[in-house]
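Enquirer: After the structure tokens below, expect a handful of questions from me.
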Amino acid sequence: MSVSSRTAAVFDALHQPPHSVRTPQGLRVTVRLPVERAAAQMAGHYPGFPILPGVLLIEGVRQAAGAALGGELRLCRVDRARFARPLFAGDELQLSLLVTSGPDSRITVRARGARADGLMAAELSLTLEAVVAGA
């Protein structure tokens, strides 16, 4: 079982389906992620000062892209990760993704997450690939 599969088994980031719109640039996806969905994982992430672990934000982006494309995606590479502000229990993250497909059948996702106060919390760029059944 891959790390993404193990993480997904214990962390379901999406409480509602993402909203998707096809544009000339790629698939634009928006979704709200309630940070409270990661309460169990946050408990041990900086005891006394629990924040959303960055790996769960990456996992949330992977899940949102997969839901928008209608299939399971596997993380190949984190090309860029910038975590600008912490996310606490009670916060809700507004994620905006641009999902594009490359010639090698890999999927590039550029994501920006903003807190409810409008401040940028994270910017990510991920390379993903479709999970093929039986592979």
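Enquirer: Give me the accessible area per residue for the chain, probe 1.4 Å, as a whole number in Å². Working shown, then result.
Expert: On the way: 7350 Å² over 135 residues.
Normalised by residue count, the accessible surface of the chain is 54 Å².
Enquirer: Turning to a different aspect of this structure: If I fit a long axis through the Cα atoms of helix 54-69 and take the longest principal axis of the Cα atoms of the chain, what angle between them do I get, 0 to 90°, rounded to 10?
Expert: Tilt of helix 54-69: around 40 degrees.
Enquirer: Let me ask something else about it. First compute the accessible area of the chain with a 1.4 Å probe, then give the percent of it belonging to carbon and sulfur atoms.
Expert: Working: 4010 of 7350 Å².
Looking at the chain in its full context, I get 55 percent from C and S.
Enquirer: Of L14, A84, L98, which is farthest towards the positive pole of the chain's charge dipole, taken about the Cα centre with +1 and -1 on the beta-carbons of Lys, Arg and Asp, Glu respectively?
Expert: L98
Enquirer: When the helices in the chain are scored as -39500 (n - 2.57) per DSSP H run of 4 or longer and the sum is shared across all residues, what 222 nm value do you end up with, to the nearest 500 deg cm²/dmol? Intermediate values should be presented prior to the final figure.
Expert: Values: 3 runs with 28 residues, N = 135.
Taken over the chain, the calculation gives -6000 deg cm²/dmol.
Enquirer: According to the square roots a ≥ b ≥ c of the eigenvalues of the Cα gyration tensor, what is the shape class of region 13-135, taking rounded for a/c under 1.5, prolate for a/b larger than b/c otherwise, and oblate for the remainder?
Expert: Taking the square roots of the gyration eigenvalues as a ≥ b ≥ c, region 13-135 is prolate.
Enquirer: Further question: Find how much the distance from A84 to A130 grows on full extension, using 0.36 nm per residue of separation minus their present alpha carbon separation; answer in nm with one decimal. Walk me through the numbers on the way to the answer.
Expert: Values: separation 46, 0.36 × 46 = 16.56 nm, distance 2.91 nm.
The span from A84 to A130 would gain 13.7 nm if fully extended.
Enquirer: Which residue, A67, A40, A114, tops the fluctuation ranking in a GNM of the chain built on C-alpha contacts under 10 Å?
Expert: The residue with the greatest mean-square fluctuation here is A40.
Enquirer: How much length is gained on full extension from A39 to R106, taking 0.36 nm per residue of separation minus their Cα-Cα distance? Intermediate results must be reported in sequence, preceding the final value.
Expert: Details: separation 67, 0.36 × 67 = 24.12 nm, distance 3.17 nm.
My answer for the length gained is 20.9 nm.
The values are calculated or read from the model by the stated rules, or taken from the named source; none is laboratory data. Worth saying up front: this structure is predicted, and the values here are computed from it rather than measured. Backbone-built Cβ (ideal geometry, glycine too); neighbour counts: all protein chains shown. Accessible surface areas use protein heavy atoms only, side chains included; no ligands, DNA or RNA. Shrake-Rupley method; radii C 1.70, N 1.55, O 1.52, S 1.80 Å.
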